Amino acid sequence: MGMSRAEESFFTTRLEQIMGWARKNSLWPMPMGISCCAIEMMSFAGPRFDVSRFGSEAFRFSPRQSDLMIVAGTVTYKMSHVVRKIYDQMPDPKWVIAMGACTSTGGMYRSYSVVQGIDLFIPVDVYVAGCPPRPDNLLKGLMEVQKKIARGEKPGQCEKIYIQEHLKFDERQDSRKA
Amino acid sequence: MMKDRILEKLNANLKSSLLAVNEYRGELTLTVVKGDIVKVCQFLRDDGDLRFDGLRDLCGADYYRPEGRFEVVYNLYSLKNKFRLRLKVRVGENDLHVHSVSHVWPTADWHEREAYDMYGIIFDGHPDLRRIYMPEEFEHFPLRKDFPLMGIPGSLNLPRK
């Protein structure tokens, strides 16, 4: 299609929809890296898995400039107040990914000090399974958040998404051997 | 042998402070009278031959027995002699006080706070005996054997949803 035609043509949409389109392709994550899942989150941001393909490469270390919180790691009762405070400082609309087993359910830490799932104190939109999840699984989680935004859903009130673990990597290694 | 030298010196100077001597797999463990722990530590550190200049670890332990339920364990190291020594002090449930060694080895400061936080052992003379892991308002001691694994409901609060 020549540029001249594009300049002449037009399309109609709703403001809400175009806002959603802009939002979903520029989600700025707040890296709430509390423990080892944060290593996989760095890989998710790095060149190999490259989250910038989805417009989320701008990790903001200030909650005031971000609209997606990736909680990556074991949240203790003592830390839960900090997580909640940071969540409260983020501007609306804000989304939350619970990355990994500990964040989603307490994981292997069935103990007095660890919160058994962060949904006990903040609303979660997408849960990503794994210990830790592979970066591509986290990318899947991010894409699910994007789909939610595209559908015009409200954060924290819509259907929860659960990303399962998959074994793609192992399969690929097997095929290399063969 | 280093072990014999330590025992010889302690027997000559602080015989009444030693309760038991135990050796297992080349590791020497001395059980010390509770009230004399600072004296023994200071002697082991300052003796020109022994020079136990490092406190490598200090921890509490709960044996959950009627007599002398808790223990405080001191792991010492002598750089000069390349030798490790373990001291133990028995602490009864009714009298949880032990004298602090944080003025002998400053590293004991945080270790004693940890033992206080987890077992409730009180270190007299400690400069700043506060909880180190658990929130300040927490009222229990979670590494005691009678503390339930999943905690006491309502003892730790979550932020409002």
Exercise for the section: Could you list, in sequence order, all residues of segment B:47-67 that are part of a loop (DSSP other than H, G, I, E, B) and either free of Cβ contacts under 8 Å to residues at least 12 places away in the same chain or within 17 Å of the chain's Cα centre (by Cα) (or both)? Expected result: B:48, B:52, B:53, B:63, B:64, B:65, B:66
Fill in the blank from the handout: Of those in segment A:94-119 that are in contact (Cβ under 8 Å) with a residue 24 or more places away in the chain, within 11 Å of another protein chain (Cβ to nearest Cβ) and in contact with a Leu (Cβ under 8 Å, 6 or more places away or on another chain), the residue surrounded by the most Cβ atoms within 10 Å (Cβ to Cβ) is A:115
Problem - Selection from segment A:108-140 of residues that are out of contact with any Gly (no Cβ under 7 Å at 6 or more places or on another chain), of a type outside the set (Ser, Thr, Tyr) and part of a loop (DSSP other than H, G, I, E, B) - result: A:108, A:110, A:121, A:122, A:124, A:129, A:134
Exercise for the section: Only one of these is part of a strand (DSSP E or B) and open to solvent by less than 50 Å² (accessible area, probe 1.4 Å): B:44, B:19, B:7, B:85. Name it. Expected result: B:85
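May I ask you to verify whether residue A:105 is polar (S, T, N, Q), in contact with a helix residue (DSSP H, G or I) (Cβ under 7 Å, 6 or more places away or on another chain) and closer than 30 Å to residue B:142 by Cα?
Numbers: polar (S, T, N, Q): yes; in contact with a helix residue (DSSP H, G or I) (Cβ under 7 Å, 6 or more places away or on another chain): no; closer than 30 Å to residue B:142 by Cα: yes.
When the stated conditions are applied, residue A:105 does not pass them.
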Problem - Test: residue A:52 is of a type in the set (Ser, Thr, Tyr), more than 14 Å from chain B (Cβ to nearest Cβ) and either in contact with a Lys or Arg (Cβ under 9 Å, 6 or more places away or on another chain) or surrounded by fewer than 18 Cβ atoms within 10 Å (Cβ to Cβ) (or both) - result: yes
Fill in the blank from the handout: Across (1) of a type in the set (Asp, Glu); (2) in a strand (DSSP E or B); (3) over 14 Å from the mean Cα position of the chain (by Cα), residue B:71 clears everything bar (3)
Problem - Scope segment A:28-60; condition under 14 Å from residue A:72 (Cα atoms) and without any contact (Cβ under 8 Å) to a residue 12 or more places away in the chain; matching residues - result: A:42
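From B:109, B:128, grab the single residue that is under 14 Å from the mean Cα position of the chain (by Cα) and not hydrophobic (A, V, I, L, M, F, W, C).
Of the residues listed, the single one that is under 14 Å from the mean Cα position of the chain (by Cα) and not hydrophobic (A, V, I, L, M, F, W, C) is B:109.
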Handout entry: Test: residue B:33 is touching a Phe, Trp or Tyr at 6+ places or on another chain (Cβ under 6 Å) and either acidic (Asp, Glu) or closer than 23 Å to residue B:124 by Cα (or both)
Key = no
Handout entry: Verdict on residue B:69 being at pLDDT 90 or above, more than 14 Å from every other protein chain (Cβ to nearest Cβ), more than 30 Å from residue A:86 (Cβ to Cβ) and surrounded by 14 or more Cβ atoms within 10 Å (Cβ to Cβ)
Key = yes
Fill in the blank from the handout: When segment B:141-151 is checked residue by residue, the ones that are open to solvent by 30 Å² or more (accessible area, probe 1.4 Å) and either facing another protein chain (nearest Cβ under 7 Å) or within 8 Å of residue A:112 (Cβ to Cβ) (or both) are B:148, B:149, B:150
Handout entry: Exclusive hit being away from every other protein chain (no Cβ under 14 Å) and crowded, with 18+ Cβ neighbours inside 10 Å, set A:46, A:73
Key = A:73
Fill in the blank from the handout: Only unsatisfied item for residue A:39, checking (1) surrounded by 15 or more Cβ atoms within 10 Å (Cβ to Cβ); (2) at pLDDT 90 or above, is (1)
Exercise for the section: Go through segment A:120-133 and give me each residue that's within 13 Å of another protein chain (Cβ to nearest Cβ) and within 16 Å of the chain's Cα centre (by Cα). Expected result: A:122, A:123, A:124
Exercise for the section: Could you give me the residue pairs with C-beta distances under 8 Å whose first residue belongs to segment A:77-92 and is more than 9 Å from chain B (Cβ to nearest Cβ), whose second residue is charged (D, E, K, R) and open to solvent by 60 Å² or more (accessible area, probe 1.4 Å) wherever it lies, and which are 6+ apart or on separate chains? Expected result: A:89/A:64; A:90/A:64; A:91/A:64
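The values are calculated or read from the model by the stated rules, or taken from the named source; none is laboratory data. Remember, it's a predicted structure, so these values are computed and weren't measured experimentally. Note that each Cβ is placed from the backbone with ideal geometry, even for glycine, and that neighbours are counted across all protein chains shown. In case anyone asks, the SASA skips ligands and DNA or RNA and just uses the protein heavy atoms, side chains included. Shrake-Rupley method; radii C 1.70, N 1.55, O 1.52, S 1.80 Å.
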